[in-house]
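Notes to accompany the following structure.
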Amino acid sequence: MKDLAIWKAAIHFGLREPVSLSSLSSGLIHQTYHVWDEENIEGIVLQQINEKVFQSPRQIIDNYCLVFEHLRKAKVLQIPAPLRSLEGQWLWFDENGNSWRANAYVPNSYTEDTPITALKAKRAARSFAQLTQALTDLDPSALAEVISGFHNLSIRFDQFQNALRQGQEGRLKEAVKMIDALVQRKHYVDFYKNISKNASFQQRIMHHDCKLSNILFHKQMEEAICPIDLDTLMPGYYFSDLGDMVRSMAASVDEAERDVEKIFVRKEVYQALVEGYLEGMGNVLTEKEKKYLHHSGLLMIYMQALRFLSDYLLRDVYYKIHYATQNYDRALNQLTLLTKLEAFLQEEYHYTIHE
């Protein structure tokens, strides 16, 4: 039945029988496929949108088309072209109400998750930054905020406080040390509130999901082609994208690792991310943003620790888990990474964490 749904969507986006396909899904949100036929051997990228996460598929399509057209006219960084269905629409809905979309397939390209080298990290960071830099003359308010408050640390801390009030009693007792450690770091929330009111910290169009697998690389040259998975492309602050890269690429292990003794900051990857990001942004960042650039990873890791622990206290209502304490373990992983990054920045960069 699943293959039949993919086949029907492929036909509606212009392919002909027989249709061949391969899965491109490495993420946890959408189902993504490379589909092709005998006439169109390069094929297209076909995706079923997860409407539990993105409740308004038209918003993400409208955002994508707006950005694609802006980049096309500017003749700068190119992203895969959106494709219309046979009915002339950007979205096609199957008989079950599922929404599908299609983009052009980029030949000689690939994505990867791990392992990450400093060189790959630098190229990825430069590419994510080039996207923001290329969109600096597009009004951020022209894009819909597809997930309200996604990287708003004030909102995430309020949700954490709500979890402290409404959380399960046994879990609250178990997590008391972690709760105290996160409350003691409320200065990150205060920092966020200050930048959101300070004109020296500007809202720009940010990617908001900057992991290595969201970069297309060229198979032969292994250079970054462009960022992909632009569903969370929306207005945000400077720390979001670099911070996400630090969290997902500079850590020695990912957030699923339960042995916190294995967690440390990979110095060469961290430096590569910062260098690549600054190169890609050019002269876009303000002096204030450059001064507090190293807060990027601190803010994003702290935010993710809050989110994991909040979900654990509320009995795992958001993140999918495979065992009872997984969100607790994820939160401890992120808190440990945060403490390691704090020490790393103070030692390597003599960076002031809390002013």
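Annotations
Quick grid of which residues meet (1) among the hydrophobic types (A, V, I, L, M, F, W, C); (2) in the same structural domain as residue 308 (by TED's automatic domain parsing); (3) over 22 Å from residue 337 (Cα atoms):
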{"site": "147", "(1), (2), (3)": "yes, yes, yes"}
{"site": "150", "(1), (2), (3)": "yes, yes, no"}
{"site": "165", "(1), (2), (3)": "no, yes, yes"}
{"site": "170", "(1), (2), (3)": "no, yes, yes"}
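- Residues located in segment 322-355, provided they are of a type in the set (D, E, K, R) and either assigned to a helix (DSSP H, G or I) or crowded, with 16+ Cβ neighbours inside 10 Å (or both): 329, 330, 340, 342, 347, 348
- Residue count, segment 244-268 (criterion: in contact (Cβ under 8 Å) with a residue 60 or more places away in the chain and surrounded by 23 or more Cβ atoms within 10 Å (Cβ to Cβ)): 6
- Cβ-Cβ under 9 Å pairs, at least 6 apart or on other chains, segment 342-355 side closer than 16 Å to residue 251 by Cα, far side at pLDDT 95 or above and β-branched (Val, Ile, Thr): 343/265; 344/265; 345/265; 348/265
- Considering segment 238-318, there are no qualifying helices (runs of 4 or more DSSP H) wholly inside with 2 or more residues that are assigned by TED's automatic domain parsing to the domain that holds residue 198, in contact with an Asp or Glu (Cβ under 6 Å, 6 or more places away or on another chain) and small (Gly, Ala, Ser).
- Number of residues in segment 144-155 that are surrounded by fewer than 21 Cβ atoms within 10 Å (Cβ to Cβ) and at pLDDT 95 or above: the value is 3.
- When residues of segment 107-125 are limited to those that are touching a strand residue (DSSP E or B) at 6+ places or on another chain (Cβ under 7 Å) and at pLDDT 95 or above, the one surrounded by the fewest Cβ atoms within 10 Å (Cβ to Cβ): 123
- Condition check for residue 239: of a type in the set (Phe, Trp, Tyr) and surrounded by fewer than 24 Cβ atoms within 10 Å (Cβ to Cβ): no
The values are calculated or read from the model by the stated rules, or taken from the named source; none is laboratory data. Because the structure is predicted, anything quoted here is derived from the model rather than measured. Reconstructed Cβ throughout: ideal geometry from the backbone, glycine too, with neighbour counts over all protein chains shown.
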